[in-house]
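Reviewing the structure listed below.
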Amino acid sequence: MKQNFIEELKWRNMLQDSMPGTEELLNKEMVRGYIGFDPTADSLGVGNLVQIMTLLHFQRAGHKPIALVGGATGMVGDPSGKSSERNMINEETLQYNLGCQKKQLEKFLDFNSGENAAEIVNNYDWFKNFTFLDFIRDAGKYITVNYMMAKDSVQNRLENGMSFTEFSYQLVQGYDFYHLWKNNGVKLQMGGSDQWGNIVTGTELIRKKAGGEAFALTTPLIKKADGSKFGKSENGNIWLDPAKTSPYKFYQFWLNAGDADVANYIRIFSLKNRAEIEALEQEHLAAPHLRLLQRTLAEEITARVHSEEALQRAIETTGILFGTSFDAFKALSSTEIEDAFDADVTFKVESTLLENGLDPLALLAEHSSIYNSKGEARKAIQGNGCSLNKEKVSLAQKFTSADLLHGKYLLVQKGKKNYYLIVAN
RNA sequence: GGGUAAGUAGCCAAGUGGCCAACGGCAACAGACUGUAAAUCUGUCCUCUUCGGAGUUCGGUGGUUCGAAUCCAUCCUUACCCA
């Protein structure tokens, strides 16, 4: 069952812009299309997930998706959307990042589906032996500086300055498109709307240099309803790598999405069809407090990005920490408790210390690093922002062995949503 | 190479000799209210602290002064104009 790619993107609100003729091309034949990924970090984040989904829908519509990892472009630095010159990352880091991202991409796309099997390419492969002189003759000659200057990504930087390196970026990315067009039969480049300028530099180069035709399609940038950035949480970016963002936190991120955003998200990140999603939306409107959309979305994405088991564990942890009363928590077995906490939120404390009674500052800041300093812990406690075994902590309190569950556990809450486990041994 | 303007906390930005750990805004975190939502109100927001304080900051380095983000010298960075 092939879907119409453009129609699919439209109802999912994933279509920002496309070049005239793009839809006709897609209806006519199996198209090879690519999206570039920038190796600035050692993991992709949920921000990149939009582009991954675009490729996935593209493949499901019967086309051939190609993910380009930017071994070469990463060395230059994309100025789009950046207000100042970027620091260069060294080659070693870059290689490492590339490897990590490649592994993640491989999880999403189907590489064994015959003629439209996904591919991953690295633009470093064709740039590594390309000399500067060749480049300015083979690519630079076809694009005028006037044209490059007109780009938003350049205009926005004229006030504060921009190096030649970053100015050249669009030409490097443009050449990627040309290379893939010429050698791999790629006719379409997709990307976030901030990439429009870079993408059309590519189609322009293809037209001028080879008289060929190529197409562009962009997706809107996701914004939260309050205008803040998508994909960040209190602890920074939400990554796809379970070592950097645990499946539990990943699940929580989606579960915590606001109503105003979640309808948007589910269309983008869910593979459910239109009827299913619209039905869910109806149901959600009838009873918003059940947060059906958030739950459905969180479950689907967590299972896809991590695994069904990781999802089950995240749901269980959530149930233990949020859903049930403390009595229910007490009823859990030691194994269940320990399973619910990841290593980075578990702290060990000598049980002898507790026998003598420990004040909260010593316990939370000195003997564990739930808080970085006593001052920080003190402020949080004074602000009523810390609970132990589900009860608000006061500075005057002392904790002893009698407070331990199963003789060894203490449940600590920093704020409402951050849980830690202290194990006495 | 010449001239002009600028560089203050995560970001924006006030501050032109003591009242400055530095107005204000954004972001962030926490509390109340809620639906683990939004909006709103409140608190925190350089570091450490025995909560009395202590230490380190205003591009870098030196200097003047009892005292410098503030004055002087010099260097660095950036923008604009001229060559």
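The values are calculated or read from the model by the stated rules, or taken from the named source; none is laboratory data. Fair warning: this is a prediction, and the values are worked out from it, not measured in the lab. Cβ coordinates were reconstructed from backbone atoms using ideal geometry, including for glycine residues, and neighbour counts include every protein chain displayed. We work out accessible area using only protein heavy atoms, side chains counted, and drop any ligands, DNA or RNA first. Shrake-Rupley method; radii C 1.70, N 1.55, O 1.52, S 1.80 Å.
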Looking only at region A:416-425, and only at residues there that are away from RNA strand B (no atom under 13 Å from the Cβ) and not polar (S, T, N, Q), the one that is farthest from A:K348 (Cα to Cα): A:L421
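Rundown of residues vs (1) more than 30 Å from the chain's Cα centre (by Cα); (2) at positive phi, yes/no style:
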position: A:D342; (1), (2): no, no
position: A:E350; (1), (2): yes, no
position: A:D359; (1), (2): yes, no
position: A:L363; (1), (2): yes, no
position: A:K379; (1), (2): yes, no
position: A:G385; (1), (2): no, no
position: A:K390; (1), (2): yes, yes
position: A:K408; (1), (2): yes, no
Subset of region A:390-415 (residues that are within 17 Å of A:F341 (Cβ to Cβ) and within 15 Å of RNA strand B (Cβ to nearest atom)): A:K390, A:L411, A:V412, A:Q413, A:K414, A:G415
Any hit, region A:304-321, residues being exposed (fewer than 13 other Cβ atoms within 10 Å of the Cβ) and touching an Asp or Glu at 6+ places or on another chain (Cβ under 9 Å): no
Which numbered condition A:Q189 fails, given (1) surrounded by 11 or more Cβ atoms within 10 Å (Cβ to Cβ); (2) part of a helix (DSSP H, G or I): (2)
Contacts under 7 angstrom Cβ, first residue in region A:134-158 being assigned by TED's automatic domain parsing to the domain that holds A:E204 and over 19 Å from A:R207 (Cβ atoms), partner of a type in the set (A, V, I, L, M, F, W, C) and surrounded by 15 or more Cβ atoms within 10 Å (Cβ to Cβ), 6 or more apart: A:V154/A:M148; A:V154/A:M162; A:V154/A:F167
Residue tally, condition farther than 19 Å from A:L311 by Cα and either more than 16 Å from RNA strand B (Cβ to nearest atom) or open to solvent by less than 60 Å² (accessible area, probe 1.4 Å) (or both), over region A:248-261: 2
Meets criteria (assigned to a helix (DSSP H, G or I) and of a type in the set (S, T, Y)) for A:T218: no
Criterion violated by A:R274 - all others in (1) farther than 21 Å from A:M14 by Cβ; (2) open to solvent by 70 Å² or more (accessible area, probe 1.4 Å) satisfied: (1)
Residue among A:G191, A:G185, A:G202, A:G227 that alone is farther than 27 Å from A:V145 by Cβ and modelled with pLDDT of 85 or more: A:G185
Number of positions in region A:365-389 that are more than 11 Å from RNA strand B (Cβ to nearest atom) and in contact with an Asp or Glu (Cβ under 9 Å, 6 or more places away or on another chain): 3
